[in-house]
Each structure stands twice: as structure tokens, then as C-alpha cells.
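Here the structure comes first, spelled out in C-alpha cells, and everything after it is commentary.
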Amino acid sequence: MDATTSSEQSSIDPELPDGGGRYKLMAIVSHMGTSTQCGYYVAHVYKDGRWVIFNDNKVGASIDPPKDMGYLYFFERMDG
């Protein structure tokens, strides 16, 4: 999954006065454990040009965030 995504419409739709929209992936919540009944959730946040992982015990660099295994995704709308 690319960190930037856009809507499928490239032309301006008159029903969407603010445009089709481009979004940048800013955070992912993922689950660590064998099932949702067992384990815990962590947050991977894109901050200052790099991915950072936050969990109950520590904050550290997230070298390869699980972009394809997220439970919840947070996007920021890009101008333009």
C-alpha cells in the first residue's frame, strides 16, 4: 500500500465542489497476537518523515510498518 492515495476520479466532479481528494497515510493501528481475543494493539505513526511505533511499553522506530495488516487506518487530506 502506497503512503499516498487518490480517488479514482481524476477530473473534477461538479457534485464534489472541493475536488476528488488526495490523501496521505498518517497512521495505522495494528494488532499483535494470535487473535483479537489475545494480544494487544499498537499504533504506527508517520512523524517527521519516518514511521514510529507506539505500544504500552515503548516508542521506537518502525522500520517496516504493516501497511497491509492494519486494523484501522488514518489519512490526512492533501491540498491541491
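Please treat every number below as a calculation from the coordinates, not as lab data. In this text the structure is predicted, and so the values were computed from the model without any measurement.
Taking 17 Å as the straight-line reach from the Cα of residue 58, the lysines in range (excluding those fewer than 8 positions away in the same chain) are 47. Evaluated on the range 41-80, the Kirkwood hydrodynamic radius is 11.3 Å, with distances taken between all distinct Cα atoms.
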